[in-house]
Structures are given as structure tokens and as C-alpha cells.
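Working notes, beginning with the structure itself.
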Amino acid sequence: MLLELKNIYKDYIQENIVIPVLKDINVSVDEGEYLAIMGPSGSGKTTLMNIIGCLDRPTKGDYLLEGESIINYNENRLSDLRLKTLGFVFQSFNLLPKQSALDNVSLPLGYAGVPPKKRKEIAFEALKKVGLEDRARFRPSQLSGGQQQRVAIARALVNKPKIILADEPTGALDSRSGVQVMNLFQQLNEEGVTIIMITHDASIAAHAKRTVRILDGEIKEGI
């Protein structure tokens, strides 16, 4: 078992009113799996993704990563997990607009303390993996949406994470670019990368090997 969420609850407080968002979530993911978490807007799927990605903490419950509970990790240890174990792909790409594709991809390597020359080499190989080595010097504004998302995927890969978390990865793309991105995820999964994808779209979820549905903060069914 690579990852396990046990009895996860998440509440937010607005004007002294407790608003439950996640209710008794239990999800497990094996190494090498390709899981889709599917649900409509407001279902709690992004909150769940944020907890899996150590970007937010649950109100109650336990989170085991490679058999070890990380629920009481301090922020430094969580940051280390986000850097080395988890890779992130967002709907809005989150690229730095004034930096080249190569510089965007090499950014996590800088945080990991990799020397500048080595950073460039690793980042270029990651761009080659997503078919964009010829766009290494281009800025995001010079790239199509699909190309920007592939740069974001390359950035997620550079520290060789065990898990890639993708939040609506095709949401800002046209259908053709969306197909290219989903094919890339398929290839990465076949190479052994564990992928957890958030989506509201059943046709996108169909690319995963397993789908978990979430509605009103509760897991409703698994396929």
C-alpha cells in the first residue's frame, strides 16, 4: 500500500459556523495505480486532493504514506514530501510567465539543492520526455495550452516523485490537447508512476484504471 486515508474529515469555519466538507473518507492507493477521483463542482474533490498532496491538513483522521502516518508531520517534513514524493499538475498550469519552459521545469530542482548545470540537464530530459525539447527556450505565452500543460507535467516529473497528483489537468485545454495530455499520463503510468487525478468529467476519468466517486464530501462508490 502506497497511500491510505483513514476516516478523514475536513471542516471549515466561517463566521463561527462549522461547515463540513469531507466526511469519513477512506481511500487507499497501491503503487503503480492510476486512480480517478470524480465528482461535480462542490463535491469536496479538490479539498481531498489538497489533503492527499499535503497542501492542507484534515480536521480528523489518519493519513499513511508508505505505511507511516504523516498526520503529525511539521511543515518542514510536509514540504519535503511535496518536493520529493509528490508531483503536482494543475488545471491552470501555474507556470512562471517570464521564465522559459526549461527554467520552469528546473525550478523544483533548485529547491532540492541540485547544482545549476545539473538542473538544466535533468530539466531538458524531462522536456524531452513530454516531447517539448524544441520548446525549451520558449516562454509560456509562446506555447499553446496543451504545450503549457506538458511543461507542467515535465516540472512534476523532475524530482522523480512516487505520486503525481493532477487536478482537472485537461480543464483548460481543447479536446485535441486534452487527448495528448491523457495519452502522456497513460504512458507515465505504464512506466510505473502512480497517478491520482481529480476530474468532473467521466470521459477523462475513463482513462484511469479505477474510479472513486465523491458527492457532498462522501465517497459514494468505487469502480
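Comparing mean-square fluctuations of ALA36, ALA123, ALA172 from a GNM of the chain with C-alpha springs under 10 Å, the top value falls on ALA172.
Given an 8 Å cut-off on Cα distances and at least 6 residues of separation, report the relative contact order of the range 79-150 as a percent. Each step should come with its number before you reach the end.
On the way: 56 pairs, mean separation 27.8, N = 72.
The normalised contact order for the range 79-150 reaches 39 percent.
Two numbers describe the Cα atoms of the chain: Rg and Dmax, which are 17.4, 53 Å.
Note on the chain: GNM, Cα springs under 10 Å; of LYS60, LYS160, LYS117, the largest mean-square fluctuation is that of LYS117.
For the full complex of protein chains and a 1.4 angstrom probe, list SER28, SER141 by accessible area with the highest value first.
Details: SER28 45, SER141 105 Å².
Highest to lowest solvent-accessible surface, that is SER141, SER28.
Label separation (ASN74 vs ARG210): 3.5 nm, computed from points 7 Å beyond Cα along the C-beta direction. GNM remark for the chain: springs join alpha carbons under 10 Å apart, and the peak mean-square fluctuation among THR211, THR170, THR59 falls on THR59.
Sorting PHE185, PHE124, PHE88 by accessible area (1.4 Å probe), largest first, what list results? Don't skip to the end; give the middle numbers.
Values: PHE185 0, PHE124 75, PHE88 35 Å².
Descending order: PHE124, PHE88, PHE185.
Partner lysines whose Cα lies under 27 Å from the Cα of LYS160, excluding those fewer than 8 positions away in the same chain, are identified as LYS6, LYS45, LYS84, LYS98, LYS117, LYS118, LYS120, LYS128, LYS129, LYS209.
Here is how the number arises for the chain: DSSP H runs of 4 or more residues each give -39500 (n - 2.57), the sum is divided by the residue count, and the result at 222 nm is -10500 deg cm²/dmol. Using only alpha carbon pairs under 8 Å that are at least six residues apart, calculate the relative contact order of the chain and give it in whole percent. This gives 30 percent for the chain. Shape class of the range 1-75 from the alpha-carbon gyration tensor: oblate, with a/c at 1.5 or above and b/c at least as large as a/b.
For the range 108-223, the antiparallel share of DSSP beta bridges with both residues in that region comes to about 45%. Could you give the distance between the Cα centres of the range 189-206 and the range 62-112, to the whole Å? So the separation of the two Cα centres works out to 19 Å.
The values are calculated or read from the model by the stated rules, or taken from the named source; none is laboratory data. Not measured: the values here are computed from a predicted model. Please note: Cβ atoms are built from the backbone with ideal geometry, for glycine as well, and neighbour counts cover all protein chains shown. These area figures cover heavy atoms from the full protein model, side chains too; ligands, DNA and RNA do not enter into them. Shrake-Rupley method; radii C 1.70, N 1.55, O 1.52, S 1.80 Å.
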